[in-house]
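Just so it is clear, none of the values below were taken in a lab; they were calculated from the coordinates. In this text, all values refer to a predicted model and were calculated from it rather than measured experimentally. All Cβ positions, glycine included, derive from the backbone under ideal geometry; neighbour counts span all protein chains shown.
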Amino acid sequence: MIKVLIVDDSRTAREKIALDVSRTSDITVCGMAKDGAEGVRLALEKRPDVILMDLVMPGMDGCEATRAIMTHTPVPIIVMTSADGHDATQRAFDSGAVEFFAKGQGAAALLETIRTMARVKVVGFHVRQRAASIPDREPPPPRVVRRPRAIPSKLPPAGIVVVGASTGGPQALQVLLSSLAPDLPVAYVIVLHMAPGFLDALTGWLKATARPELRVATESMPFAAGVAYFAPDDAHLEITPRGTAALTHGPPRHGLRPAADVLFESAARTLGPRSLGFLMTGMGGDGAEGLLAMRRAGAMTITQDEASCVVYGMPRIAVSLGASRSALSPRAAAGAIGVWASQLRNPADAG
């Protein structure tokens, strides 16, 4: 039985969620809190498997409560918010939340999200930061307002790095994008699984520390060195032979659109050895087969190592298929990308 704690200042919202949950046989409400402070207390007292956390509440808000819980009694927290609450959502990313749910998506989607997050056993904010630094034996990157950023060349890149991530992906991407050298002659193309409507909030949060410029890809947009492009909501993103973005609305893969497999397979077809694939933390198997296609096409392929993953799902399946050439933390992967990009810039250095 999955125990859920509901934290929301709206009595109507709490009761509606409780009613939806009561219709299932595998999920039960173990407590309801009207503000963040009560949520922190009940998290310690009730030991829920999943917490549903509203963000905007009087007194201790959802961001403060999330940080306190993830620091002291880590548990999977699903942040419940409206898609237009960008400021609060950005602070929630910083507080260690690993899943977001847009209010109004419906009971069925919420229940499935609860079931998925209940399988995430350890998602502590402090644990995740510590784990990400273990393979590199370096302290976490400092959180600063601005980082040195390359000025995009607007020229076609020498190569393209494709990235797939899901649960735990925002924080892992923050480490990766803030650790990249600022002058690499490559573009970055990213598929991140997250609730619709939150992409602007994510990129706004990442911009404070990311070294590449961040953009959401649009149809026929040319890829340029020094820029990281995100797949938009509800569209597969592919790389064309002309080095431009193609957005398609084909069937979902693994129930997902965008899907990392679609992006990775396009990189294998169009770029081969001029591409690098990095499959990061996440539930399920999206990206594993696409990463294998990239390796067979001569690309460099990397999976996030288990120690730094919130969920070692997608990388584990890729490793089991033989798709990964190496397993690295996000920061170590940034270093490997720099070495690979330098070889593209100076072919003689490739040996």
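Once all Cα-Cα distances of segment 269-317 are split into 5 Å bins that start at 0, what whole-number percent is in each one? Distribution as computed: 5, 25, 29, 19, 14, 7, 1 percent. Taking all Cα-Cα distances within segment 159-350, those exceeding 21 Å account for 42%. Would you please give the FRET efficiency between VAL56 and SER320, computed as 1/(1 + (r/R0)^6) with r the Cβ-Cβ distance and R0 = 41 Å, to the nearest 0.05? Computed FRET efficiency for VAL56 and SER320 comes out at 0.45. This ranking places ARG274, ARG47, ARG331 by how few other beta-carbon atoms lie within 10 Å of each, fewest first, which gives ARG47, ARG274, ARG331.
What FRET efficiency would be calculated for the residue pair ASP233, ARG269, taking the C-beta separation as r and a Förster radius of 22 Å, to the nearest 0.05? Once the sixth-power term is evaluated, E becomes 0.35. Projecting label points 7 angstrom from Cα along Cα→Cβ for MET1 and ARG119 puts them 2.3 nm apart. Using the Karplus relation 6.51 cos²θ - 1.76 cosθ + 1.60 with θ = phi - 60°, the per-residue 3J(HN,Hα) values for segment 192-209 come to 10, 7, 7, 4, x, x, 9, 5, 4, 5, 4, 5, x, 5, 5, 4, 5, 10 Hz, with x marking Gly and Pro. Compute log10 of I(q)/I(0) for segment 2-123 with the Debye formula, placing one identical point scatterer on every Cα and leaving out solvent, at q = 0.18, 0.19, 0.21, 0.23 Å⁻¹, to two decimals. Scattering profile of segment 2-123, log10 relative to I(0): -0.84, -0.96, -1.21, -1.51.
For segment 273-349, the Kirkwood radius over C-alpha pairs fed into Stokes-Einstein at 20 °C and 1.002 mPa s yields D = 173 µm² per second.
When DSSP beta bridges are restricted to pairs lying wholly in segment 159-350, around 20% turn out antiparallel.
On full extension, the segment bounded by THR244 and ALA181 gains 20.3 nm, given 0.36 nm per residue less the C-alpha separation. By the Kirkwood approach, averaging reciprocal distances over each pair of separate Cα atoms, the chain gets a hydrodynamic radius of 20.4 Å. Across segment 2-123, C-alpha contacts under 8 Å between residues 6 or more apart give a mean separation that, scaled by the residue count, equals a relative contact order of 24 percent.
To test your reading of the geometry: what angle, between 0 and 90 degrees and rounded to tens, separates the Cα axis of helix 11-22 from the longest principal axis of the chain? Helix 11-22 and the main axis of the chain meet at about 80 degrees.
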